[in-house]
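Take a look at the structure below.
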Amino acid sequence: MSRFRKIILRTLQVILGILLLLVAILYITGNDYIIRGVQLTYMKGHNTANIDDYKDFDNNLILADKPQRWEQHELFNKIPLTDTLQNELEKFKSVGFFVAKDGKVLLEYYWDGYSNESHTNSFSMAKSVITMLLGKAIEQGYIKSLDQPITDFLPEFKDDEFGKLCTVGDLSAMTSGYDWLEDYYLPLNPSAKAYYGDQIEKQMLSRKFIQKPGGDFNYLSGDTQLLAIVLQRATKRSASQYLQEEFWQPMGMEEDAYWSKDRKDGMEKAFCCLNSNVRDFGKLGQLLLQNGKWNGKQILDSAFVQKMITPNYKAFKKGQPASYGYSIWTDYEHQPNFYGLMGHLGQRVIVVPSENLIIVRLGHEKDKRNLNKGFLDTDTYYFVDEVMKMLKNHNLLNSQNAKKDSLP
């Protein structure tokens, strides 16, 4: 063997030894989830979680029953997208775009082989769904109110200085004071461990609270996961089963859905990972727009819906935009006002109440530019403003119709 080949072989042995040592350290320190994370991201050409990775996880199936199809608007897909909106959607690799006006589908577009039957990851839009389930649990008496202490369900925190002061409402409004680092790219952090790990309940219950609850808004995925544990213990049902029984089937969702879990016999990753399509995600926005009513039946208490979509002003300092209610993002400074379910990589269900308008966008990337359009993500303003232009150009705005009706 030549000297050069010996050097190469020795180098490879050293590299292999280092890799094996790193793997051993990860397992010993309880950070072996990083290995799975690397396999499902970097080794697949991604630098973060992606909208299709439910296929790589165990899932709970949420069954549809007696689908209720969206009614089509008379101008369905007859209104062209503005150039600005078209460019925004294509530049950031959208896979689905859906607009419903007055309860009827006005626009529905797909890219890259996706369709109305495709399933993609909701990411943090699932947080809003968990709070919807919380509202139902309160209505049905499983939970007393938003003010009920979490220790009634999570006695693991009864000796925690701040945890024992936390309420279920604090978890929903993101004012818990829980110890958490919200990061979707850094491998070594609790968000990544929750996403790629296999002991999510143990992880949540082993952490602490580091601030007094009820204070400033601080967006934490850990809050939603704790809330899901509360719901599971209160209702004796998984989030998937509860969603299926109280929302998915009563609302006539068109397709089954999947909720990804930490392991086969584990629990849902409730802070993310509800996998569905534009039409069924759109129905969740329509339910909020209709104050919790569906086909004449009150699916979710109207007062609770108003609580969700109203900014939690006390959680924001003077001069700071009040951008969050109870698991719903809001901008009531923009014209028109809107609120919505929003998730990683630009997953959106946007509700514009004044126009009875629902906008859904699903895709691979988010517009990260800061163009000073508002205090929420740039893309939300593109979607709202450009759709409003399209409606105006075709005399579909409620304000335009109101003027017509007022003419002598």
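Since every read-out is calculated from the coordinates, none of them should be taken as a lab result. In this text, all values refer to a predicted model and were calculated from it rather than measured experimentally. Cβ: placed from backbone, ideal geometry, glycine included. Neighbour counts: every protein chain shown.
Taking GluC sites (Glu not before Pro) across the stretch 51-101, the ones in a DSSP loop with at most 11 further Cβ atoms lying within 10 angstrom of their Cβ are 74.
Are there cysteines in the chain with no other Cys C-beta under 4.7 Å, and if so, which? Cysteines of the chain left without a disulfide-compatible partner: 166. Give me the Debye-computed log₁₀ of I(q)/I(0) at q = 0.13 Å⁻¹ for the stretch 135-243, equal point scatterers on Cα only, no solvent, two decimals. The Cα Debye sum returns log10 ratios of -0.45. Rg and Dmax of the stretch 71-224, both derived from C-alpha coordinates alone, stand at 20.4, 61 Å. Past 21 Å, Cα to Cα: identify those pairs from 283/314; 297/392; 101/293; 236/261; 202/261; 44/193, in the order given. Exceeds cut-off: 283/314; 297/392. Only the Cβ atoms of Lys and Arg (+1) and of Asp and Glu (-1) were treated as charged; on that basis the dipole of the chain about its Cα centre amounts to roughly 760 debye.
Could you work out the helix-only [θ] at 222 nm for the chain, with each DSSP H run of four or more residues adding -39,500 (n - 2.57) and the total divided by the number of residues, to the nearest 500 deg cm²/dmol?
Value at 222 nm, helices only, nearest 500: -10500 deg cm²/dmol.
The angle between the Cα long axis of helix 378-393 and the main principal axis of the chain comes to about 20°, on a 0 to 90 degree scale. First obtain the Kirkwood hydrodynamic radius of the stretch 295-367 from its Cα pairs, then insert it into the Stokes-Einstein equation at 10 °C and 1.306 mPa s, and state the resulting D in µm² per second as a whole number. Here the translational diffusion coefficient equals 117 µm²/s. Largest first, the three principal axis extents of the alpha carbons in the chain are 97, 57, 47 Å in whole numbers.
By counting other Cβ atoms within 10 Å of each Cβ, how are 390, 308 ranked from fewest to most?
390, 308
For residue 317, the lysines whose Cα comes closer than 22 Å to its Cα, not counting residues fewer than 8 places off in the same chain, are 212, 307, 373. Beyond 27 Å, the tail of the calculated P(r) for the stretch 272-406 holds 22 percent of the Cα pairs.
Across the chain, the longest run free of exposed loop sites, meaning trypsin sites (Lys or Arg not before Pro) lying outside DSSP classes H, G, I, E and B with no more than 14 other Cβ atoms within 10 Å, spans 1-68. The alpha carbon centroids of the stretch 276-344 and the stretch 97-119 are separated by 21 Å.
For the stretch 63-129, just say rounded, prolate or oblate: build the C-alpha gyration tensor, square-root its eigenvalues into a ≥ b ≥ c, call rounded for a/c under 1.5, and beyond that prolate if a/b exceeds b/c, oblate if not. Oblate, since a/c reaches 1.5 and b/c is not below a/b.
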